[in-house]
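The structure under discussion appears below in the form of structure tokens.
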Amino acid sequence: LFHSPTSLITTTKEYKAAEADMVKYLKKYKNASDAQVQKSMNGAVMVQMQLLKQISARGKIKAVCEFVHDVIDGGEKLILFGYLKEVVAELKKEFPKAVTVTGSDNVNQKQYAVDSFQNNPDCKLIILNFKSGGTGLTLTAASRVAFTEFPWTFSDCEQAEDRAHRNGQKNNVNCYYFLGKDTIDKYMYDVIQTKKNIANVCIFSSSIRLTSCVFP
């Protein structure tokens, strides 16, 4: 199964500015002082990667929402992972009936979200962040898992995928990684998949199929 949305990344101009010149970017978009710029540039590579990840993630929201509508409007359930708070907030705004498992939810709210998603046929979408929803939850009511953003490690992706791939799952689990064309997303995806391929030399899960969506 392959889904190829045609929507453009809405933050392309900002992304290119950050990619071309990090110092100018920090001053223009982050209102950073010279001292703050110098401090940030001490870890320039990590700073740049994190900022590029954030800009790309915000730029994919529109296209991700279109994909989510396609899935849930067609009657299927979907597990949707985000990383940034602002991305999760925008997704929740677009899908107010969705339940969430995030750092802003208390224990009771998280349990209600899981129970609703698992047992209520009208609850089609659950939105999670990696820290709060990436481990320990069983979400076998869905066989589709979508990622708007990438965490830093392969293990975080694997744990998140496994929310649907647990005892009780009767279908193949399809995972969708949304990539922004000509962005750091492709680099992160390749890094994670390389680690996954190395791990799969020892452990192979035949019931998970990986699908990537590249935004032009």
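The values are calculated or read from the model by the stated rules, or taken from the named source; none is laboratory data. Note that the structure is a prediction, hence the values are computed from the model and not measured. Don't worry about glycine lacking a Cβ; one is built from the backbone with ideal geometry, like all the others, and counts go over all protein chains shown. Each accessible area value is taken on the protein alone, full model and side chains, heavy atoms only, with ligands, DNA and RNA left out. Shrake-Rupley method; radii C 1.70, N 1.55, O 1.52, S 1.80 Å.
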Subject >> Accessible-area order (highest first, 1.4 angstrom probe) of the listed residues 11, 194 >> reply: 194, 11
Original post:
For the stretch 59-169, what is the relative contact order in percent, using Cα pairs closer than 8 Å and at least 6 residues apart in sequence?
Top reply: 32
Subject >> Accessible area (Å², 1.4 Å probe, nearest 10) - residue 51 >> reply: 20
Original post:
Sorted by packing (mean other beta-carbon atoms within 10 Å per residue), highest first, where do 71-84, 90-103 land?
Top reply: 71-84, 90-103
**OP:** Please list, or write none, the aspartates and glutamates whose alpha carbon is within less than 19 Å of the alpha carbon of residue 186, excluding same-chain residues fewer than 8 places away.
**Re:** 14, 19, 149, 156, 158, 161
Subject >> Separation in nanometres of the label points that stand 7 Å from Cα toward Cβ, at residue 116 and residue 66 >> reply: 2.8
Original post:
Quick one: if you stick a label point 7 Å off each Cα along the C-beta vector at residue 93 and residue 30, how many nm between them?
Top reply: 2.3
Subject >> Probe 1.4 Å - accessible area at residue 46, Å² to nearest ten >> reply: 110
**OP:** With a 1.4 Å probe and every protein chain left in place, tell me how much accessible area residue 156 has, in Å² to the nearest 10.
**Re:** 70
**OP:** Using 0.36 nm per residue of separation minus the Cα-Cα distance, give me the extension gain between residue 107 and residue 194 in nm, one decimal.
**Re:** 27.8 nm
Original post:
Mind listing the Cα extents of the stretch 67-146 along all three principal axes, in Å, largest one first?
Top reply: 29, 25, 18
**OP:** Starting from the Cα of residue 84, step 7 Å along the direction of its Cβ; do the same at residue 182; then give the gap between the two resulting points in nm.
**Re:** 2.0
